[in-house]
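Below: one structure, written as structure tokens.
The values are calculated or read from the model by the stated rules, or taken from the named source; none is laboratory data. The structure displayed is predicted, hence computed values, not measured ones. All Cβ positions, even for glycine, are placed from backbone atoms using ideal geometry, and neighbour counts span all protein chains on display. Surface areas here come from the heavy atoms of the whole protein model, side chains and all, with no ligands, DNA or RNA. Shrake-Rupley method; radii C 1.70, N 1.55, O 1.52, S 1.80 Å.
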Amino acid sequence: MEPIKKHKGLVYPLNRSNIDTDQIIPKQFLKRIERQGFGQFLFFNWRFFDDGTPRENFSLNDDKYNDASILVAGENFGCGSSREHAPWALQDFGFKVIIASSFADIFYNNCIKNGILPIVLNEETVQKLIVNGSNEKYDITVDLERQIVEDENGLQATFDITPYQRQMLLNGWDEIAVTLTHGDKIDLYESTH
Amino acid sequence: MKTPKTIVEKIWERHVVHQEEGKPDLLYIDLHLVHEVTSPQAFEGLRMNGRSVRRPDKTYATMDHNVPTRERHIIRDQISKTQMDTLKQNCQQFGISLADIDHPDQGIVHVIGPELGLTQPGKTIVCGDSHTSTHGAFGALAFGIGTSEVEHVLATQTLWQARPKTLNVKVNGKLGLGVTAKDLILAIIAQNGVRFGTGYVIEYTGEAIRNLSMEERMTVCNMSIEAGARAGLISPDKTTFEYLKGKRHSPENYEEAVANWKELATDNGATYDATVEINADEIEPQVTWGTNPGMCIPVSASVPHPEAAASANAKEETERALEYMGLEADQPISSVNIEHVFIGSCTNSRLSDLRKAADIVSGKKVKDGVQAIVVPGSHSVKTAAEAEGLDAIFKQAGFEWRDAGCSMCLAMNDDVVPPGERCASTSNRNFEGRQGNGARTHLVSPEMAAAAAIEGHFVDVRNYKQPVTN
């Protein structure tokens, strides 16, 4: 897993609440047995007509967001299905950070496991980012070590993350390798239960 | 005196392998259920790192999401076939029991776990599927995980988990005749929203919950994730112990197991981080009108008006949902015509669900222009239903009688609702495109779906026919 410490990137605002993982990656793309290559299917039904031509009224098809790496959305982002294909698709498309006023639990976890930083900010700040990001090309900087989101015009917001999850992301650790160092404890548990 | 504890606290404490300041707990997993869609990358991860499956004996796999429900062995979609073949190879390589497409135990993973007695009170159960919450009906701590966590459990039989907050959903009173467990959970979500359970494990308590059968409890716990909660559970009781008695994987020394399970129930005086209450007497049969399960109204009501929304965002959300669903504000939901009926899914595909639906359609005919299918939750459910003649009742009424699988709940196989068409569905998600790109889903109980199939639109089953009890 790639570590993530500090990231400056272009905001893509998606002002909707309750975006479920069926929208992030529709089921017809869950049949692949690889981890890679899901970016082309991200938000597929919103981005494309059935025949694969782009829907021009969907903002992600706007060229100005071509290099976006920070997705900002409304509350309860990633609700529904546990499919990890959702963070895989976001990451493969180029997103490294997702900001929302709240996340669904499983999706949040899945992001951490893949080195995507999910950030919860209050609704007011999220709306500011969405408005700024909708108007022009808008870059922000996310600093995981300081737990701060800031832009060049003085906007600054702090965010919470558990120390464990912060460490995982900062170091890009392989969690299974970490757990296997506790193999004796697992052996002990199994022999006593 | 011992401090009173909730069932969640008790199960948690029994499963902590390692605890350390500043870290989540390392939790032992008793049962890992696996299916074809969310596992291939996890097995591949094991191979790439030269790791093995720590406890194949605590791992059980089946095929459900992709499987065809008719012409069982003609898998037209080669990518689906590859995914199923891959699961078979992975199970062979790592020594995991698999109920594949030909196996008599095959079925939806959340139907067969309980059926086989793999699901038991006090167990920690995970699966790469958000509806793993279903198993909480037995007083197990059961939750969905992503594929990275699937790999983690395969390799270590543990997960790093922060201790969740607890939410008591207390259901007072009694459900009326014709009002089902499905209506109950839909009403709970409609009242409290699709994220009130986020960060919590829900424990369902109260008189109406105690009166539910095991299969009804599974319906309720199944949709906990639709309220945002990864897990939802019910303290085990006599109903639980009677259900599990004699199941294939139930403990041999059953009385001893029951004595142990009885200890799990939440103690009197235990405290929760939050509580919501709902009165079962007031609940009517429910129908969703929108594109998330919280967008739900009683069958007697009309589709909401965007102007009535609490905020500008909610108004936009309502407008978008109405447009997607092809509905007018203030339109009575009973006036909405449907073209498809799907009776199935991990929410409502068990024998009692099929019995109740069959009772509604018995001697009647599916409305012209409606395609109605019944997809039993497992091969065992199918066989049992056929032994009772339920298949004949459905077929005579004009339903198609299919083989077991997830089917039209998420339309990964050939069972797809075409764009713009409308389906009365006993499944759990009415998201955009869930049952097919552009498909319009209305979530209802099996009785409501059955009545809609006959009438071609939603009707209040309470006035339709006296429903059967279990």
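Brief remarks follow.
- For the range B:138-160, backbone nitrogen atoms closer than 12 Å to the point 7 Å from residue A:193 Cα along Cα-to-C-beta are found at B:141, B:157-160.
- The label-point distance for residue B:362 and residue A:148, in a model that sets each label 7 Å from Cα toward Cβ, rounds to 7.2 nm.
- The charge dipole of the protein assembly as shown, taken about its Cα centre with unit charges on the Cβ atoms of Lys, Arg (+1), Asp and Glu (-1) only, comes to about 880 debye.
- Per residue accessible area of the protein assembly as shown, 1.4 Å probe, in Å²: 36 Å²
- The shape of the protein assembly as shown comes out rounded: with a ≥ b ≥ c from the C-alpha gyration tensor, a/c is under 1.5.
- The contact between chain B and chain A removes approximately 4900 Å² from the accessible area (both sides summed; 1.4 Å probe; ligands, DNA and RNA excluded).
- Summing +1 for each Lys or Arg and -1 for each Asp or Glu among the other residues whose beta-carbon sits under 15 angstrom from that of residue B:206 gives -3.
- Modelled label positions at residue B:271 and residue B:245, each set 7 Å beyond Cα in the direction of Cβ, lie 3.9 nm from each other.
- Distance between the modelled labels on residue A:158 and residue A:124, one decimal in nanometres: 1.6 nm (7 Å Cα→Cβ projection).
- Contact with the other protein chains removes 10 Å² or more of accessible area, compared with the isolated chain and a 1.4 Å probe, from these residues of the range B:127-156: B:130, B:144, B:145, B:146, B:147, B:148, B:149, B:151, B:152, B:155, B:156.
- Counting only protein heavy atoms and using a 1.4 Å probe, the accessible area of residue B:52 comes to about 80 Å².
- Residue-span extension gain [residue B:237 to residue B:73] - 0.36 nm each, minus C-alpha spacing: 54.9 nm
- Note on residue B:308/residue B:207: beta-carbon distance plugged into 1/(1 + (r/R0)^6) with R0 of 35 Å gives a FRET efficiency of 0.60.
- Complex-versus-alone comparison for the range B:398-429, residues with a loss of 50 Å² or more in accessible area, probe 1.4 Å: B:412
- Nearest-ten-degree value, helix A:123-135 long axis tilted from longest Cα axis of chain A: 50 degrees
- Neighbourhood charge, 12 Å Cβ-Cβ cut-off, centred on residue B:82 and excluding it, Lys, Arg +1 and Asp, Glu -1: 0
- Placing +1 on the Cβ of every Lys and Arg and -1 on the Cβ of every Asp and Glu, with no other charges, gives the range A:121-166 a dipole of roughly 120 debye about its Cα centre.
- Taken as Cα centroids, the range B:66-109 and the range A:122-193 sit 37 Å apart, rounded to the nearest whole angstrom.
- Full extension of the chain between residue B:165 and residue B:319 gives 52.0 nm of extra length, using 0.36 nm per residue less the Cα-Cα distance.
- Over 26 Å apart at the Cα level, from the set A:96/A:185; B:23/B:88; A:27/B:88; B:2/B:247; B:182/B:238, are A:96/A:185; B:23/B:88; B:2/B:247.
- In a DSSP loop and with at most 15 other Cβ atoms within 10 Å, the chymotrypsin sites (Phe, Trp or Tyr not before Pro) in the range A:147-193 are A:173.
- Ordering A:168, B:384, B:430 by the projection of their Cα atoms onto the charge dipole of the protein assembly as shown, which places +1 on the Cβ of Lys and Arg and -1 on the Cβ of Asp and Glu, puts B:384 at the extreme positive end.
- Local charge for residue B:291 was computed over the other residues whose Cβ lies under 14 Å away, with Lys and Arg +1 and Asp and Glu -1, and equals -2.
- Computed from Cα positions, the angle between helix A:183-192 and the longest principal axis of chain A comes to roughly 60 degrees.
- Solvent-accessible area assigned to carbon and sulfur over the range B:321-401 amounts to 46 percent, based on a 1.4 Å probe.
- Shape call, the range A:6-192: gyration tensor on alpha carbons, a/c limit 1.5: oblate
- Measuring nothing but alpha carbons in chain B and taking Rh as the Kirkwood radius, the Rg to Rh ratio lands at 0.95.
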